[in-house]
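Here's the structure we're looking at; comments come further down.
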Amino acid sequence: MDTFVIHDYILQISVASILGLVILYSIFRGRKSNYNHVIRSSENVDNLWSENDVIVVGAGVAGAALAHTLAKDGRRVHVIERDLTEPDRIVGELLQPGGYLKLIELGLKDCVDDIDAQRVVGYGLFKDGKNIRLSYPLEQFTADVAGRSFHNGRFIQKMREKAASLPYVRLEQGTVTSLLEEKGVVKGVQYKTKNGEEMKAYAPLTIVCDGCFSNLRRSLCSPKVEVPSHFVGLILENCKLPFSNHGHVILADPSPILFYQISTTEVRCLVDVPAGQKLPSIANGEMAKYLKTAVAPQVPPELYESFVAAVDKCNIRTMPNRSMPATPQPTPGAILMGDAFNMRHPLTGGGMTVALSDIVILRDLLKPLKSLNNSEALCKYLESFYTLRKPVASTINTLAGALYKVFCASSDDAHKEMREACFDYLSLGGECSNGPVALLSGLNPRPLSLVIHFFAVAVYGVGRLLLPFPSPKRLWLGVRLLTGAAGIIFPIMKAEGLRQMFFPATVPAYYRSLQVK
(Lines give C-alpha, C1' and ligand atoms only; values in the text may rest on other atoms or scores of the structure.)
Protein backbone atom coordinates (compact mmCIF):
# COMPACT_ATOMS: atom_id res chain seq x y z
CA MET A 1 0.00 0.00 0.00
CA ASP A 2 2.77 2.38 0.96
CA THR A 3 4.63 1.52 -2.26
CA PHE A 4 1.48 2.30 -4.27
CA VAL A 5 1.04 5.66 -2.58
CA ILE A 6 4.68 6.55 -3.23
CA HIS A 7 4.38 5.59 -6.91
CA ASP A 8 1.14 7.57 -7.22
CA TYR A 9 2.82 10.59 -5.61
CA ILE A 10 5.78 10.30 -7.99
CA LEU A 11 3.37 10.08 -10.95
CA GLN A 12 1.51 13.23 -9.86
CA ILE A 13 4.79 15.13 -9.43
CA SER A 14 5.92 14.01 -12.89
CA VAL A 15 2.64 15.06 -14.54
CA ALA A 16 2.68 18.40 -12.70
CA SER A 17 6.29 18.98 -13.72
CA ILE A 18 5.53 18.21 -17.36
CA LEU A 19 2.51 20.55 -17.29
CA GLY A 20 4.65 23.24 -15.63
CA LEU A 21 7.31 22.87 -18.32
CA VAL A 22 4.65 23.17 -21.02
CA ILE A 23 3.21 26.32 -19.41
CA LEU A 24 6.67 27.86 -18.94
CA TYR A 25 7.56 27.07 -22.53
CA SER A 26 4.33 28.69 -23.75
CA ILE A 27 4.98 31.78 -21.64
CA PHE A 28 8.55 32.03 -22.88
CA ARG A 29 7.45 31.74 -26.50
CA GLY A 30 4.77 34.36 -25.94
CA ARG A 31 7.24 36.75 -24.37
CA LYS A 32 9.74 36.11 -27.13
CA SER A 33 7.05 36.78 -29.71
CA ASN A 34 6.07 40.01 -27.95
CA TYR A 35 9.71 41.04 -27.69
CA ASN A 36 10.22 40.41 -31.40
CA HIS A 37 7.08 42.46 -32.04
CA VAL A 38 8.47 45.36 -30.01
CA ILE A 39 11.78 45.15 -31.88
CA ARG A 40 9.96 45.20 -35.18
CA SER A 41 7.88 48.19 -34.05
CA SER A 42 11.05 50.00 -33.01
CA GLU A 43 12.61 49.19 -36.35
CA ASN A 44 9.50 50.57 -38.05
CA VAL A 45 9.83 53.83 -36.11
CA ASP A 46 13.52 54.06 -37.05
CA ASN A 47 12.66 53.37 -40.66
CA LEU A 48 9.88 55.94 -40.49
CA TRP A 49 12.34 58.68 -39.56
CA SER A 50 15.32 57.46 -41.52
CA GLU A 51 14.32 60.03 -44.14
CA ASN A 52 12.12 63.16 -44.03
CA ASP A 53 9.84 64.19 -46.85
CA VAL A 54 9.49 67.77 -45.63
CA ILE A 55 11.23 69.98 -43.09
CA VAL A 56 9.07 72.81 -41.71
CA VAL A 57 10.93 75.65 -40.02
CA GLY A 58 8.66 77.23 -37.42
CA ALA A 59 5.54 75.96 -35.67
CA GLY A 60 3.38 79.05 -35.56
CA VAL A 61 -0.04 79.13 -37.22
CA ALA A 62 1.36 78.48 -40.72
CA GLY A 63 3.99 75.91 -39.70
CA ALA A 64 1.75 73.86 -37.41
CA ALA A 65 -1.16 73.87 -39.87
CA LEU A 66 1.15 72.90 -42.73
CA ALA A 67 2.75 70.05 -40.76
CA HIS A 68 -0.65 68.60 -39.86
CA THR A 69 -1.94 68.94 -43.41
CA LEU A 70 1.06 67.32 -45.12
CA ALA A 71 1.30 64.53 -42.54
CA LYS A 72 -2.36 63.66 -43.12
CA ASP A 73 -1.40 63.07 -46.75
CA GLY A 74 1.31 60.63 -45.68
CA ARG A 75 4.35 62.94 -45.79
CA ARG A 76 6.99 62.53 -43.08
CA VAL A 77 7.33 66.02 -41.62
CA HIS A 78 10.11 67.22 -39.31
CA VAL A 79 9.07 70.48 -37.63
CA ILE A 80 11.76 72.58 -35.93
CA GLU A 81 10.51 75.39 -33.69
CA ARG A 82 12.69 77.82 -31.74
CA ASP A 83 10.42 77.88 -28.68
CA LEU A 84 7.65 75.37 -27.99
CA THR A 85 6.31 77.19 -24.92
CA GLU A 86 3.01 79.02 -25.37
CA PRO A 87 3.58 82.27 -27.32
CA ASP A 88 2.45 85.57 -25.80
CA ARG A 89 1.72 88.02 -28.60
CA ILE A 90 -0.54 91.05 -29.08
CA VAL A 91 -1.36 90.27 -32.72
CA GLY A 92 -2.70 87.21 -34.54
CA GLU A 93 -5.75 87.16 -32.29
CA LEU A 94 -8.51 87.57 -34.86
CA LEU A 95 -9.41 84.91 -37.42
CA GLN A 96 -11.78 86.15 -40.09
CA PRO A 97 -14.68 83.92 -41.28
CA GLY A 98 -12.82 83.22 -44.53
CA GLY A 99 -9.90 81.91 -42.48
CA TYR A 100 -12.25 79.82 -40.33
CA LEU A 101 -13.61 78.16 -43.50
CA LYS A 102 -10.02 77.27 -44.48
CA LEU A 103 -9.49 75.89 -40.97
CA ILE A 104 -12.49 73.61 -41.53
CA GLU A 105 -11.16 72.57 -44.94
CA LEU A 106 -7.82 71.60 -43.37
CA GLY A 107 -9.46 69.55 -40.62
CA LEU A 108 -8.34 71.97 -37.89
CA LYS A 109 -11.72 73.35 -36.84
CA ASP A 110 -11.41 71.99 -33.30
CA CYS A 111 -8.31 74.12 -32.67
CA VAL A 112 -10.58 77.02 -31.70
CA ASP A 113 -12.43 74.83 -29.18
CA ASP A 114 -11.68 74.89 -25.44
CA ILE A 115 -9.54 78.06 -25.61
CA ASP A 116 -12.35 80.47 -24.65
CA ALA A 117 -12.46 81.77 -28.24
CA GLN A 118 -15.15 84.35 -28.97
CA ARG A 119 -17.44 84.40 -32.00
CA VAL A 120 -17.10 87.49 -34.20
CA VAL A 121 -19.99 88.31 -36.53
CA GLY A 122 -19.07 91.77 -37.76
CA TYR A 123 -17.54 95.16 -37.03
CA GLY A 124 -18.51 98.36 -35.31
CA LEU A 125 -17.08 101.49 -36.93
CA PHE A 126 -16.81 104.70 -34.87
CA LYS A 127 -16.04 108.24 -36.04
CA ASP A 128 -16.64 111.65 -34.44
CA GLY A 129 -19.39 110.41 -32.13
CA LYS A 130 -21.16 108.44 -34.89
CA ASN A 131 -21.13 104.66 -35.25
CA ILE A 132 -22.34 101.97 -37.60
CA ARG A 133 -22.63 98.21 -37.23
CA LEU A 134 -21.40 96.09 -40.15
CA SER A 135 -22.33 92.40 -40.19
CA TYR A 136 -20.53 89.63 -42.04
CA PRO A 137 -22.67 88.26 -44.93
CA LEU A 138 -23.00 84.77 -43.42
CA GLU A 139 -26.53 83.90 -44.58
CA GLN A 140 -25.40 81.16 -46.98
CA PHE A 141 -23.24 79.40 -44.36
CA THR A 142 -24.01 77.13 -41.43
CA ALA A 143 -24.56 78.71 -38.01
CA ASP A 144 -21.08 77.70 -36.85
CA VAL A 145 -19.33 79.84 -39.47
CA ALA A 146 -18.15 83.18 -38.10
CA GLY A 147 -14.93 84.87 -37.15
CA ARG A 148 -13.08 83.87 -33.99
CA SER A 149 -10.98 85.96 -31.61
CA PHE A 150 -8.75 84.40 -28.97
CA HIS A 151 -5.41 84.40 -27.20
CA ASN A 152 -2.93 83.77 -29.99
CA GLY A 153 -0.77 81.48 -27.84
CA ARG A 154 -3.65 79.20 -26.89
CA PHE A 155 -4.61 78.79 -30.54
CA ILE A 156 -1.05 78.00 -31.60
CA GLN A 157 -0.61 75.42 -28.82
CA LYS A 158 -3.78 73.64 -29.97
CA MET A 159 -2.45 73.62 -33.53
CA ARG A 160 0.88 72.19 -32.35
CA GLU A 161 -0.84 69.49 -30.29
CA LYS A 162 -3.00 68.57 -33.26
CA ALA A 163 0.03 68.28 -35.55
CA ALA A 164 2.16 66.38 -33.00
CA SER A 165 -0.62 63.83 -32.49
CA LEU A 166 0.03 62.44 -35.98
CA PRO A 167 2.62 59.65 -36.30
CA TYR A 168 4.22 61.25 -39.34
CA VAL A 169 5.01 64.52 -37.52
CA ARG A 170 8.19 64.98 -35.51
CA LEU A 171 8.04 68.22 -33.54
CA GLU A 172 11.38 69.35 -32.15
CA GLN A 173 12.56 72.45 -30.30
CA GLY A 174 15.60 73.96 -31.93
CA THR A 175 16.89 77.09 -33.65
CA VAL A 176 17.54 76.83 -37.38
CA THR A 177 20.68 78.80 -38.16
CA SER A 178 21.02 78.25 -41.90
CA LEU A 179 19.85 76.36 -44.96
CA LEU A 180 22.04 73.57 -46.31
CA GLU A 181 22.68 74.10 -50.00
CA GLU A 182 24.47 72.05 -52.61
CA LYS A 183 24.90 73.40 -56.14
CA GLY A 184 22.01 75.82 -55.68
CA VAL A 185 19.63 73.21 -54.27
CA VAL A 186 18.45 73.39 -50.66
CA LYS A 187 19.01 69.98 -49.09
CA GLY A 188 17.89 70.73 -45.53
CA VAL A 189 18.78 72.86 -42.53
CA GLN A 190 21.41 73.26 -39.85
CA TYR A 191 20.07 73.91 -36.37
CA LYS A 192 20.89 73.97 -32.69
CA THR A 193 18.90 71.71 -30.41
CA LYS A 194 17.42 72.84 -27.11
CA ASN A 195 20.61 71.59 -25.46
CA GLY A 196 22.85 73.58 -27.79
CA GLU A 197 23.95 70.62 -29.92
CA GLU A 198 24.65 71.39 -33.58
CA MET A 199 22.54 69.19 -35.86
CA LYS A 200 21.65 68.82 -39.52
CA ALA A 201 18.37 67.63 -40.99
CA TYR A 202 17.78 66.71 -44.62
CA ALA A 203 14.64 66.52 -46.76
CA PRO A 204 13.68 66.93 -50.44
CA LEU A 205 11.59 69.99 -49.51
CA THR A 206 12.22 72.60 -46.81
CA ILE A 207 9.37 75.01 -46.03
CA VAL A 208 10.36 78.14 -44.12
CA CYS A 209 7.57 79.45 -41.87
CA ASP A 210 9.57 81.28 -39.22
CA GLY A 211 7.36 84.36 -39.05
CA CYS A 212 7.67 88.11 -39.49
CA PHE A 213 11.15 88.22 -37.94
CA SER A 214 12.46 85.47 -40.24
CA ASN A 215 16.23 85.19 -40.43
CA LEU A 216 16.06 82.83 -43.41
CA ARG A 217 13.91 84.76 -45.89
CA ARG A 218 16.88 86.62 -47.37
CA SER A 219 18.22 83.26 -48.55
CA LEU A 220 15.04 82.67 -50.55
CA CYS A 221 13.86 86.11 -51.70
CA SER A 222 14.72 89.81 -51.85
CA PRO A 223 12.36 91.21 -49.22
CA LYS A 224 11.13 94.80 -49.15
CA VAL A 225 9.92 95.15 -45.58
CA GLU A 226 8.18 98.35 -44.52
CA VAL A 227 7.03 99.35 -41.02
CA PRO A 228 4.06 101.69 -41.57
CA SER A 229 3.20 101.87 -37.87
CA HIS A 230 3.39 100.26 -34.43
CA PHE A 231 0.62 98.72 -32.35
CA VAL A 232 0.48 99.53 -28.65
CA GLY A 233 -1.31 96.65 -26.93
CA LEU A 234 -3.42 96.66 -23.78
CA ILE A 235 -5.87 94.21 -22.22
CA LEU A 236 -9.08 95.65 -20.76
CA GLU A 237 -10.72 93.45 -18.13
CA ASN A 238 -14.38 92.90 -17.26
CA CYS A 239 -15.77 95.51 -19.62
CA LYS A 240 -18.55 95.31 -22.17
CA LEU A 241 -18.04 96.31 -25.79
CA PRO A 242 -20.71 98.55 -27.39
CA PHE A 243 -21.51 95.78 -29.91
CA SER A 244 -21.10 92.26 -28.55
CA ASN A 245 -19.35 89.71 -30.79
CA HIS A 246 -18.02 92.48 -33.02
CA GLY A 247 -14.61 93.91 -33.69
CA HIS A 248 -14.47 97.66 -33.08
CA VAL A 249 -12.55 100.18 -35.21
CA ILE A 250 -12.32 103.77 -34.00
CA LEU A 251 -11.26 106.24 -36.70
CA ALA A 252 -9.16 108.26 -34.30
CA ASP A 253 -6.51 110.92 -34.77
CA PRO A 254 -3.84 110.22 -35.95
CA SER A 255 -4.74 106.57 -36.78
CA PRO A 256 -7.19 103.79 -35.88
CA ILE A 257 -7.77 102.15 -32.50
CA LEU A 258 -9.00 98.54 -32.37
CA PHE A 259 -11.00 96.69 -29.69
CA TYR A 260 -12.08 93.04 -29.77
CA GLN A 261 -12.89 90.35 -27.22
CA ILE A 262 -10.19 87.66 -26.80
CA SER A 263 -11.78 85.75 -23.89
CA THR A 264 -14.89 85.86 -21.75
CA THR A 265 -13.38 88.53 -19.49
CA GLU A 266 -10.71 90.23 -21.65
CA VAL A 267 -10.84 92.80 -24.43
CA ARG A 268 -7.77 93.46 -26.55
CA CYS A 269 -7.04 97.09 -27.39
CA LEU A 270 -4.54 97.97 -30.12
CA VAL A 271 -3.61 101.62 -30.52
CA ASP A 272 -1.95 102.38 -33.84
CA VAL A 273 0.97 104.82 -33.82
CA PRO A 274 2.03 105.82 -37.38
CA ALA A 275 5.66 105.47 -38.43
CA GLY A 276 6.03 109.22 -38.88
CA GLN A 277 5.28 109.76 -35.21
CA LYS A 278 7.84 108.98 -32.53
CA LEU A 279 6.83 105.98 -30.43
CA PRO A 280 6.59 107.19 -26.81
CA SER A 281 8.76 105.40 -24.26
CA ILE A 282 7.10 102.94 -21.91
CA ALA A 283 9.98 102.99 -19.42
CA ASN A 284 9.88 106.70 -18.58
CA GLY A 285 6.08 107.02 -18.50
CA GLU A 286 5.68 108.88 -21.80
CA MET A 287 3.54 106.10 -23.26
CA ALA A 288 1.10 106.07 -20.33
CA LYS A 289 0.79 109.85 -20.55
CA TYR A 290 0.19 109.69 -24.32
CA LEU A 291 -2.48 107.01 -23.97
CA LYS A 292 -4.32 108.92 -21.24
CA THR A 293 -4.18 112.38 -22.81
CA ALA A 294 -4.27 111.76 -26.58
CA VAL A 295 -5.98 108.38 -26.95
CA ALA A 296 -8.39 107.91 -24.03
CA PRO A 297 -10.64 110.87 -24.97
CA GLN A 298 -11.24 109.26 -28.38
CA VAL A 299 -12.37 105.81 -27.19
CA PRO A 300 -16.11 105.07 -26.81
CA PRO A 301 -17.48 106.30 -23.44
CA GLU A 302 -18.39 102.73 -22.43
CA LEU A 303 -14.70 101.76 -22.55
CA TYR A 304 -13.08 104.89 -21.13
CA GLU A 305 -12.70 103.80 -17.50
CA SER A 306 -11.51 100.31 -18.40
CA PHE A 307 -9.02 101.79 -20.85
CA VAL A 308 -7.53 104.14 -18.25
CA ALA A 309 -7.42 101.31 -15.69
CA ALA A 310 -5.51 99.14 -18.20
CA VAL A 311 -3.00 101.96 -18.74
CA ASP A 312 -2.55 102.35 -14.98
CA LYS A 313 -1.66 98.65 -14.70
CA CYS A 314 1.36 99.43 -16.89
CA ASN A 315 1.05 96.15 -18.78
CA ILE A 316 1.73 97.95 -22.07
CA ARG A 317 3.40 96.25 -25.01
CA THR A 318 4.38 97.38 -28.49
CA MET A 319 4.72 95.56 -31.80
CA PRO A 320 5.97 96.85 -35.18
CA ASN A 321 3.42 96.42 -37.96
CA ARG A 322 5.22 95.11 -40.99
CA SER A 323 4.23 95.08 -44.63
CA MET A 324 6.03 93.00 -47.26
CA PRO A 325 4.75 92.12 -50.73
CA ALA A 326 5.36 88.55 -51.85
CA THR A 327 8.52 88.56 -53.97
CA PRO A 328 9.11 84.91 -54.83
CA GLN A 329 12.54 83.76 -55.88
CA PRO A 330 11.96 80.09 -56.79
CA THR A 331 14.69 77.98 -55.21
CA PRO A 332 14.98 74.22 -55.76
CA GLY A 333 14.34 72.36 -52.52
CA ALA A 334 12.77 75.23 -50.56
CA ILE A 335 9.73 77.47 -50.34
CA LEU A 336 8.64 80.37 -48.11
CA MET A 337 5.23 80.51 -46.39
CA GLY A 338 3.32 82.65 -43.90
CA ASP A 339 4.66 85.95 -42.60
CA ALA A 340 8.18 84.94 -43.62
CA PHE A 341 6.94 85.26 -47.21
CA ASN A 342 4.19 87.88 -47.26
CA MET A 343 2.89 90.44 -44.75
CA ARG A 344 0.26 93.16 -44.73
CA HIS A 345 -0.88 95.75 -42.19
CA PRO A 346 -2.76 93.84 -39.45
CA LEU A 347 -5.61 96.38 -39.30
CA THR A 348 -8.01 94.02 -41.09
CA GLY A 349 -6.85 90.81 -39.38
CA GLY A 350 -6.25 89.05 -42.70
CA GLY A 351 -2.87 87.44 -42.03
CA MET A 352 -4.07 84.04 -40.84
CA THR A 353 -6.65 83.87 -43.63
CA VAL A 354 -3.91 84.38 -46.24
CA ALA A 355 -1.64 81.80 -44.59
CA LEU A 356 -4.36 79.13 -44.34
CA SER A 357 -5.48 79.79 -47.90
CA ASP A 358 -1.90 79.36 -49.09
CA ILE A 359 -1.66 76.04 -47.24
CA VAL A 360 -4.80 74.74 -48.96
CA ILE A 361 -3.31 75.65 -52.36
CA LEU A 362 0.07 74.06 -51.58
CA ARG A 363 -1.59 70.93 -50.20
CA ASP A 364 -3.63 70.49 -53.37
CA LEU A 365 -0.52 70.95 -55.51
CA LEU A 366 1.56 68.42 -53.58
CA LYS A 367 -1.15 65.80 -53.00
CA PRO A 368 -0.88 64.10 -56.44
CA LEU A 369 2.93 63.80 -56.19
CA LYS A 370 4.21 60.44 -54.99
CA SER A 371 7.75 61.74 -54.52
CA LEU A 372 9.34 65.12 -53.87
CA ASN A 373 12.87 64.03 -54.69
CA ASN A 374 13.26 65.78 -58.06
CA SER A 375 14.03 69.24 -56.68
CA GLU A 376 14.44 71.00 -60.02
CA ALA A 377 11.17 69.67 -61.43
CA LEU A 378 9.35 70.33 -58.15
CA CYS A 379 10.60 73.92 -58.09
CA LYS A 380 9.35 74.55 -61.62
CA TYR A 381 6.02 72.91 -60.81
CA LEU A 382 5.54 74.96 -57.63
CA GLU A 383 5.89 78.21 -59.54
CA SER A 384 2.16 77.75 -60.08
CA PHE A 385 1.66 78.23 -56.32
CA TYR A 386 2.77 81.85 -56.56
CA THR A 387 0.20 82.51 -59.28
CA LEU A 388 -2.68 80.52 -57.82
CA ARG A 389 -2.46 82.30 -54.47
CA LYS A 390 -2.51 85.81 -55.94
CA PRO A 391 -6.24 86.58 -56.33
CA VAL A 392 -7.02 85.83 -52.66
CA ALA A 393 -3.77 86.98 -51.05
CA SER A 394 -3.42 90.16 -53.10
CA THR A 395 -7.00 91.23 -52.48
CA ILE A 396 -6.62 90.89 -48.71
CA ASN A 397 -3.19 92.53 -48.77
CA THR A 398 -4.32 95.47 -50.91
CA LEU A 399 -7.44 96.03 -48.83
CA ALA A 400 -5.40 96.11 -45.62
CA GLY A 401 -2.91 98.63 -46.98
CA ALA A 402 -5.54 100.83 -48.64
CA LEU A 403 -7.92 100.89 -45.66
CA TYR A 404 -5.11 101.77 -43.29
CA LYS A 405 -4.15 104.78 -45.42
CA VAL A 406 -7.77 105.90 -45.78
CA PHE A 407 -8.54 105.46 -42.07
CA CYS A 408 -5.54 107.50 -40.90
CA ALA A 409 -6.23 111.18 -40.20
CA SER A 410 -4.69 113.84 -42.44
CA SER A 411 -4.56 117.61 -42.76
CA ASP A 412 -5.20 117.26 -46.51
CA ASP A 413 -8.77 118.26 -47.42
CA ALA A 414 -9.07 115.65 -50.18
CA HIS A 415 -7.98 112.89 -47.79
CA LYS A 416 -10.47 114.10 -45.18
CA GLU A 417 -13.24 113.88 -47.78
CA MET A 418 -12.16 110.35 -48.74
CA ARG A 419 -12.18 109.25 -45.09
CA GLU A 420 -15.62 110.76 -44.51
CA ALA A 421 -16.93 109.28 -47.76
CA CYS A 422 -15.72 105.80 -46.74
CA PHE A 423 -17.60 105.98 -43.42
CA ASP A 424 -20.79 107.27 -45.06
CA TYR A 425 -20.58 104.79 -47.96
CA LEU A 426 -20.48 101.88 -45.52
CA SER A 427 -23.41 103.46 -43.65
CA LEU A 428 -25.60 103.14 -46.77
CA GLY A 429 -26.09 99.40 -46.12
CA GLY A 430 -26.98 96.82 -48.74
CA GLU A 431 -24.22 96.06 -51.21
CA CYS A 432 -22.36 99.20 -50.11
CA SER A 433 -21.60 97.51 -46.80
CA ASN A 434 -21.96 93.81 -47.68
CA GLY A 435 -19.46 94.01 -50.54
CA PRO A 436 -16.59 95.62 -48.59
CA VAL A 437 -17.24 93.45 -45.52
CA ALA A 438 -17.22 90.30 -47.69
CA LEU A 439 -13.78 91.40 -48.90
CA LEU A 440 -12.58 92.21 -45.40
CA SER A 441 -13.78 88.88 -43.98
CA GLY A 442 -12.13 86.80 -46.69
CA LEU A 443 -15.50 85.41 -47.77
CA ASN A 444 -15.31 86.98 -51.23
CA PRO A 445 -11.72 88.09 -51.85
CA ARG A 446 -12.01 89.19 -55.49
CA PRO A 447 -9.63 91.83 -56.85
CA LEU A 448 -12.20 93.34 -59.22
CA SER A 449 -14.76 93.70 -56.42
CA LEU A 450 -12.12 95.48 -54.35
CA VAL A 451 -11.35 98.00 -57.09
CA ILE A 452 -15.04 98.61 -57.83
CA HIS A 453 -15.92 99.35 -54.20
CA PHE A 454 -12.80 101.42 -53.57
CA PHE A 455 -13.52 103.75 -56.48
CA ALA A 456 -17.25 103.69 -55.71
CA VAL A 457 -16.29 105.29 -52.39
CA ALA A 458 -14.22 107.90 -54.24
CA VAL A 459 -17.01 108.66 -56.74
CA TYR A 460 -19.51 108.83 -53.87
CA GLY A 461 -17.23 111.38 -52.20
CA VAL A 462 -16.97 113.44 -55.41
CA GLY A 463 -20.74 113.33 -55.85
CA ARG A 464 -21.24 114.77 -52.37
CA LEU A 465 -18.82 117.59 -53.18
CA LEU A 466 -20.63 118.51 -56.39
CA LEU A 467 -24.14 118.60 -54.88
CA PRO A 468 -26.24 120.64 -54.83
CA PHE A 469 -24.11 123.07 -56.93
CA PRO A 470 -20.50 122.50 -58.00
CA SER A 471 -17.98 125.26 -57.52
CA PRO A 472 -14.45 125.45 -58.98
CA LYS A 473 -13.00 124.83 -55.52
CA ARG A 474 -15.18 121.77 -54.91
CA LEU A 475 -14.57 120.50 -58.44
CA TRP A 476 -10.82 120.72 -57.90
CA LEU A 477 -11.18 118.99 -54.51
CA GLY A 478 -13.10 116.19 -56.26
CA VAL A 479 -10.30 115.74 -58.80
CA ARG A 480 -7.76 115.58 -55.99
CA LEU A 481 -9.92 113.03 -54.17
CA LEU A 482 -9.97 110.74 -57.23
CA THR A 483 -6.25 111.10 -57.90
CA GLY A 484 -5.56 110.57 -54.20
CA ALA A 485 -7.59 107.36 -54.24
CA ALA A 486 -5.66 106.13 -57.27
CA GLY A 487 -2.42 107.10 -55.54
CA ILE A 488 -3.37 104.92 -52.56
CA ILE A 489 -4.47 101.72 -54.25
CA PHE A 490 -2.47 101.44 -57.48
CA PRO A 491 1.03 101.36 -55.91
CA ILE A 492 -0.12 98.58 -53.57
CA MET A 493 -1.58 96.56 -56.44
CA LYS A 494 1.52 97.15 -58.55
CA ALA A 495 3.70 95.78 -55.75
CA GLU A 496 1.42 92.74 -55.48
CA GLY A 497 1.56 92.11 -59.25
CA LEU A 498 -1.27 93.40 -61.44
CA ARG A 499 -1.13 90.61 -64.01
CA GLN A 500 -1.14 87.77 -61.48
CA MET A 501 -3.77 89.54 -59.41
CA PHE A 502 -6.31 90.25 -62.17
CA PHE A 503 -5.34 87.91 -65.02
CA PRO A 504 -3.70 84.83 -63.43
CA ALA A 505 -4.81 82.62 -66.33
CA THR A 506 -2.48 84.55 -68.65
CA VAL A 507 0.58 83.56 -66.60
CA PRO A 508 2.20 80.38 -67.99
CA ALA A 509 2.91 79.01 -64.50
CA TYR A 510 -0.86 78.99 -63.81
CA TYR A 511 -1.25 75.84 -65.93
CA ARG A 512 1.53 73.83 -64.32
CA SER A 513 -0.94 72.56 -61.75
CA LEU A 514 -2.58 70.65 -64.61
CA GLN A 515 0.58 68.88 -65.77
CA VAL A 516 1.12 66.49 -62.86
CA LYS A 517 1.99 62.99 -64.02
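The values are calculated or read from the model by the stated rules, or taken from the named source; none is laboratory data. Since we're looking at a predicted model, the values are computed, not measured. With ideal geometry, Cβ positions are generated from the backbone for all residues, glycine too; neighbour counts draw on all protein chains shown. Quick note on the areas: whole protein, heavy atoms, side chains included, nothing else; ligands and nucleic acids left out. Shrake-Rupley method; radii C 1.70, N 1.55, O 1.52, S 1.80 Å.
Before moving on, here are some points about what is shown:
- Values of log10 I(q)/I(0), in the order q = 0.22 Å⁻¹, for segment 398-501 under a Debye, Cα-only, solvent-free model: -1.21
- The GluC sites (Glu not before Pro) found in segment 88-149 that occupy coil by DSSP, while having at most 13 further C-beta atoms within 10 Å, are GLU139.
- Axis angle, to the nearest 10 degrees, between helix 431-440 and the longest C-alpha principal axis of the chain: 40 degrees.
- Paramagnetic label zone (point 7 Å from Cα along Cα-to-C-beta, SER219; backbone N under 19 Å) in segment 163-192: 172-192
- What a 1.4 Å probe finds exposed on segment 227-320 is 52% carbon and sulfur by accessible area, rounded to a whole percent.
- Summed over the residues of segment 227-320 and divided among them, the accessible surface reaches 43 Å² per residue at a probe radius of 1.4 Å.
- Projected-area mean, the chain, by convex hull of Cα positions, square nanometres: 36.5 nm²
- Each listed q (0.11 Å⁻¹) maps to a log10 I(q)/I(0) for segment 102-174 from the Debye sum over equal C-alpha point scatterers, namely -0.43.
- Note on segment 54-177: with neighbouring protein chains present and a 1.4 Å probe, carbon and sulfur make up 45 percent of its accessible heavy-atom surface.
- Lysines whose Cα lies under 20 Å from that of LYS473, excluding same-chain neighbours fewer than 8 positions away: LYS416
- Sites ALA377 and GLU105, calculated FRET efficiency, Cβ-Cβ separation with R0 35 Å, nearest 0.05: 0.80
- Adding -39500 (n - 2.57) for every DSSP H run of four residues or longer, then dividing by how many residues the chain holds, sets the calculated 222 nm ellipticity at -14000 deg cm²/dmol.
- Charging the Cβ of each Asp and Glu at -1 and of each Lys and Arg at +1, and nothing else, the dipole of segment 269-338 about its Cα centre rounds to 220 debye.
- Charge-dipole axis of the chain as Lys and Arg at +1 and Asp and Glu at -1 on Cβ define it, positive-most pick from ALA294, SER371, LEU448: LEU448
- Modelled label reach - LEU428, point 7 Å along Cα→Cβ, segment 461-500 residues with backbone N closer than 16 Å: 461-467, 482
- Aspartates and glutamates with Cα under 16 Å of LYS192, excluding same-chain neighbours fewer than 8 positions away: GLU81, ASP83, GLU172, ASP210
- Contour excess over end-to-end distance, with Cα ends at ASP83 and LEU475 and 0.36 nm allotted per residue: 135.4 nm
- Among residues other than ARG322 with Cβ under 15 Å from its Cβ, the summed charge is +1 (Lys and Arg +1, Asp and Glu -1).
- The dipole here belongs to segment 328-399: it is taken about the Cα centre, uses +1 on the Cβ of Lys and Arg and -1 on the Cβ of Asp and Glu, and is about 140 debye.
- Each Lys or Arg adds one and each Asp or Glu subtracts one; over the other residues with Cβ under 11 Å from the Cβ of CYS239, this totals -3.
- Computed E for PHE502/THR265 - FRET, C-beta separation, R0 35 angstrom, nearest 0.05: 0.20
- Residue list for segment 298-318, given a label point 7 angstrom along the Cα-to-Cβ vector of LYS240 and an amide N cut-off under 13 Å: 302-303
- Heavy atoms of ARG89 accessible to a 1.4 Å probe, total area in Å² rounded to 10: 80 Å²
- Cα centroid separation, segment 106-131 to segment 157-224 (Å): 32 Å
- Counting only alpha carbon atoms, the long axis of helix 61-72 and the longest principal axis of the chain meet at about 40°.
- Helix 390-407 axis versus longest C-alpha principal axis of the chain: approximately 40°, rounded to the nearest ten.
- About the Cα centre, charge dipole magnitude for segment 227-320 (Lys/Arg +1, Asp/Glu -1 at Cβ), debye: 160 debye
- With a Förster radius of 22 Å applied to the beta-carbon distance between SER165 and ASP364, the computed FRET efficiency rounds to 0.45.
- When only Cα pairs below 8 angstrom with a gap of at least 6 residues are kept, the chain shows a relative contact order of 16 percent.
- Label-point separation in nm, VAL185 to SER410, each point 7 Å along Cα→Cβ: 5.1 nm
- SER219 sits with roughly 60 Å² accessible to a 1.4 Å probe, with DNA, RNA and ligands left out of the calculation.
- Protein-only accessible surface order, largest first, of PHE423, PHE502, PHE490 at 1.4 Å: PHE490, PHE502, PHE423
- Protein accessible area in segment 398-501, 1.4 Å probe - carbon and sulfur %: 67 percent
- Among the lysines of segment 227-320, pairs that are 8 or more positions apart or on different chains and have alpha carbons within less than 17 Å of each other number 4.
- Too-long pairs where the Cα-Cα distance tops 19 Å, listed order kept, from LYS102/LYS187; LYS72/LYS390; LYS72/LYS370; LYS72/LYS162: LYS102/LYS187; LYS72/LYS390
- Dipole of the chain [Lys/Arg +1, Asp/Glu -1 at C-beta], most positive-end residue of VAL457, TRP476, TYR304: TRP476
- Here, segment 145-202 is characterised by an Rg to Rh ratio of 1.14, where Rg is the alpha-carbon radius of gyration and Rh the Kirkwood radius.
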